[in-house]
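Each value in this text was obtained by applying a stated rule to the coordinates, not by laboratory testing. Everything numeric here is computed off the predicted structure, so don't read it as measured data. With ideal geometry, Cβ positions are generated from the backbone for all residues, glycine too; neighbour counts draw on all protein chains shown.
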Amino acid sequence: MPCEVAARFLILYGSQRGQAQSIAEEICQQAAEHGFTADISCLSNQHNYNLDSEIRPVVFMVSTTGDGDPPDTAQKFVRKIKNKSLPHHHFSHLRYALLALGDTNYANFCNGGKTIDSRLQQLGAKHFYPTGHADDGTGLEVVVDPWIEGLWDALKKTFSSMATSDQQDADLSDCTQDNFHKTASGQEKNKSDLEVDLHLLKLSEADSQKGKEIKSDSSDVETLSTVLVASLKQSVPPLSQSALSVPALPASYLEVRLEQVSTEREPVPSDKDGYHEVSISKAVQLTQDDAVKAAILLELDISEQNLAYQPGDGFDILCPNRASEVEELLLRLDLQTRKNCAVQVNLLKNKHLPKLQPRAYSAASSSLQHPGKVNLVFNVVEFPARPEHPARKGLCTGWLAGHVSSILRPLGTVPASEHLGTSALPKVHVRPRPSSTFHLPADPSVPVVMVGPGTGVAPFIGFLQQREKEREANREATFGEMWLFFGCRHKDKDFLFRYKELERFAHNGTLSHLIVCFSRDEPDAAGTVNRPTYVQHNLRLHAKNVASILLKDKGSLYVCGDAKNMAKDVNDTLLEIIGNELQIDKLDAMKTVAGLREEKRYLQDIWS
């Protein structure tokens, strides 16, 4: 058979919520169509690769999380390459391409990928294809699709360049000698093999005679072998005209391993690094039953674990797969009778059926006001029925809602959990997710503007609880103004934290200005014209105050909530406000806003 040199490259990805992994897997699947073989690995699985000696081209996919940090799965890799003892030529042998994923609605756009890219360059690695920066704020596909399309030509040029090296030539020569046996005895062996092949394939007499004629020397033997391989691959005559049928089993693509476990043992997360099991001591529905979305507040008891946090930090929650989907998978694998076993399923083709990623939720409390506790708030996400699946709820929010159903109570009623012992309370695995910047200013006299519609108000409840306690403890101190722009659909259905928190803060002076809007309420009896519908409309109505706080008083702006709609609209409104106030064009306004980001005075905690 002819010797073929596989054009093999390596794909490494660092993914927080699965987007970078999905793109990496897509490239891996497309590789064969372009004549390549790709190996793929998560950056966290460092036993699967070794860049210190990697001679293949490497393609990186890296997302960004938090305040411009590399994803959790890439943190160990980043620490490793940032080792200051590494020489400047450490990766001089490495040829790579990198696609960074980010969102321009966040500060430090694509910084996770940029961090890895710049460090690889410092250590001598070389690009074989320009780095791409994909923006989830405008649509990742705008950059991802053309970047992948151009990757294939870049890989072809790279492999062509590598093939000219002396070492590659030597490898090809050795491979040719080993496979074609260019000795007299080798030719005889090949001749014999080919005669057997011809017999088995039942070639016509003419084709057989042709085969005998071209077996005159080694080069002709090579030619015939190539023809036969092509026939097998492409099903060209004479094979396609014969009645030959070669049955074959499909390639294996799943690996299933079973581990005997105690039937009495509670299921625990497969990866508990940094996680703590805590009790849910309270669950309150913050919305009315007829609200479009149900919002639930959870109070977690973290006193025994002594977990520290600040308002603005978040917590990761681990949730299990849906029981119905687990049952269906066990049925498909014919394992429904093995429920007393832990079942590990791996995809052989790409090697990291990925684990469920944790879901992050902002702390909606201050430990000054709730020592040993932390509150989290979430909407129960619901997906309507479609032809391909029935109506369903979000994986984590649906699980949490069901998990706390025994203690869930309407707002203003006595918690059922007060009558339960700690052992009877539902439990959850959580891990603190500190923020490096999304905190109140260190100087309490600095004024603050907060924009948080819906559950985006959660971290600002923590801010206000913190400031309330600070004011009580330091009555002579000077505190800056605190503005909150809040919005929801209906005043009487989903005005979160209205009575117990927000109106109290406004009444006692902790909250200087509470500016609200309701997008779905009917106009009042007076028929108010052009009433504000969304938070950005109220920002425009208070444009001079907002501009003064940010530009004259050096205050801070915080935005929390939906990235694709609300945060983008707020950002556009901010550009408009600054442009009008300073009488500058949009480009200069963008530079001013960028300056606010760099000074950490325009901060976002947003999600897609």
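For the stretch 507-578, trypsin sites (Lys or Arg not before Pro) meeting the loop criterion (DSSP other than H, G, I, E, B) and having at most 16 other Cβ atoms within 10 Å: 520, 554. For the stretch 23-28, putting each phi into the Karplus relation 6.51 cos²θ - 1.76 cosθ + 1.60 with θ = phi - 60° gives couplings of 5, 4, 5, 5, 4, 4 Hz, in residue order, rounded to whole numbers and with x for Gly and Pro.
In terms of distances greater than 29 angstrom between alpha carbons, the cross-link table entries 82/600; 293/500; 80/339 yield 80/339. Of the trypsin sites (Lys or Arg not before Pro) found in the stretch 428-495, those in coil by DSSP whose Cβ has at most 11 other Cβ atoms within 10 Å are 475.
For the stretch 355-444, which GluC sites (Glu not before Pro) are both in a DSSP coil and crowded by at most 12 other Cβ atoms within 10 Å?
Details: sites: 382, 388, 418; in loops: 388.
Those satisfying the criteria are 388.
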